[in-house]
Amino acid sequence: MTSNSTGRPVALLTGVSRKIGIGAAITLALAEAGWDVATTYWRPYDATMPWGSQETEAEMVVAQVGNSGVNGFTMEADLAQPETPAHIFERTQEMLGPVTALVMAHCHSVDSNLLNTTLESFDLHFAVNARATWLLVREFGLRYTGAFGNGRIIAITSDHTVENLPYGASKGAMDRIVLAATHEFKHLGVTANVINPGATDTGWMSPEQLAMERQRPPLGRVGLPQDCANLVRFLCSAEGGWINGQLLYSDGGVTHGQR
């Protein structure tokens, strides 16, 4: 699955700003598997979150990529702006080569419910989580030049909508947009899948929440960023190429127990 002068495939990953995040785990997993990686982050959003992020955290993640003998770089990108997706594809191609895999781990998430969600919040959630996803997928489809069967589109989703209306609703729209590529990009041989990792320990849960979440999966532990990264790495491999058009619940069995 090669696409550049180094003989290595190129992955573009969005939402890689925190060392303990899902995006960072995916970045390092793909680097270990021999991918050159480009990542994006948006520090103003992180600054509004309780966990925050260090000034150079995104750069620190990419610095670790070099330990695997591959190339990587990161760029700050406001996905609420319509012109951003085209810009980050152009920058990635300039720095590393054409993109073989698009992995979207970005999100905008601010809690609100059916009654108190503002129009501004609703629109911003959809701009980042849904519209940007469409524009990123569109850029990938317009620019993909890799071999038939090698291309990958993967998005990280959530079904948490209660008391989190705009986030959950915009993630639901994201799912449909990504999965549409399964058939609309069939002429390119690109697979498209969505992963729901369930509650994942990336620093946002209180000790009480962690204790509660450990009780939900049959395996008796909370999800880790590496769990999601392992699945993404497999889906991006040649062996994962037959999995296509799926919304995959990789949550340790929690969802199955709710059905």
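What residues have an amide H closer than 5 Å to that of T74, excluding those fewer than 5 places away on the same chain, when H is modeled at 1.01 Å from N in the peptide plane?
Amide H to amide H, under 5 Å and 5 or more residues apart or across chains, T74 pairs with T39.
Could you give each residue of the stretch 68-80 its phi-based ³J(HN,Hα) in whole Hz, using Karplus coefficients 6.51, -1.76, 1.60 with θ = phi - 60°, and x for Gly or Pro?
Result, ordered by residue: 9, x, 10, 9, x, 7, 10, 8, 7, 8, 8, 6, 6 Hz.
Long-range amide H contacts for L247: which residues qualify at under 5 Å (H placed 1.01 Å from N, peptide plane, sequence gap of 5 or more or a different chain)?
Hits under the 5 Å cutoff: V194.
Report ³J(HN,Hα) in whole Hz for each residue of the stretch 148-161, in order, from the Karplus equation J = 6.51 cos²θ - 1.76 cosθ + 1.60 where θ = phi - 60°; Gly and Pro get x.
Each residue's phi maps through the Karplus curve to give 4, x, 9, x, 9, 10, 9, 10, 9, 10, 8, 10, 7, 10 Hz.
What's the center-to-center distance, using Cα atoms, between the stretch 147-161 and the stretch 175-195 in Å?
8 Å
For the stretch 19-155, calculate the relative contact order in percent as a whole number, restricting contacts to Cα pairs under 8 Å that are 6 or more residues apart.
The value is 25 percent.
Using only helices, what value at 222 nm comes out for the chain when you add -39,500 (n - 2.57) per DSSP H run of length 4 or more and divide by the total residues, to the nearest 500 deg cm²/dmol?
So the helix-based figure for the chain works out to -12000 deg cm²/dmol.
State which stretch of the chain is the longest one without any exposed GluC sites (Glu not before Pro), exposure meaning a DSSP loop state and at most 15 other Cβ atoms within 10 Å.
On the way: sites that count: E55, E83, E163.
Maximal segment without exposed cleavage sites: 164-259.
Among V110, V178, V37, determine the one that fluctuates most according to a GNM of the chain built with springs between C-alpha atoms less than 10 Å apart.
Most flexible of the set in this elastic network: V110.
Taking neighbour counts of Cβ atoms within 10 Å as a proxy for exposure, in what order, fewest first, do W35, W242 appear? Intermediate results must be reported in sequence, preceding the final value.
Numbers: W35 27, W242 8.
Ranked by crowding around the Cβ, least crowded first: W242, W35.
Each reported figure results from applying straightforward, stated rules to the coordinates on display, with no laboratory input. In this text the structure is predicted, and so the values were computed from the model without any measurement. When we count neighbours, we look across all protein chains shown, and the Cβ atoms used for this are built from the backbone with ideal geometry, even at glycine.
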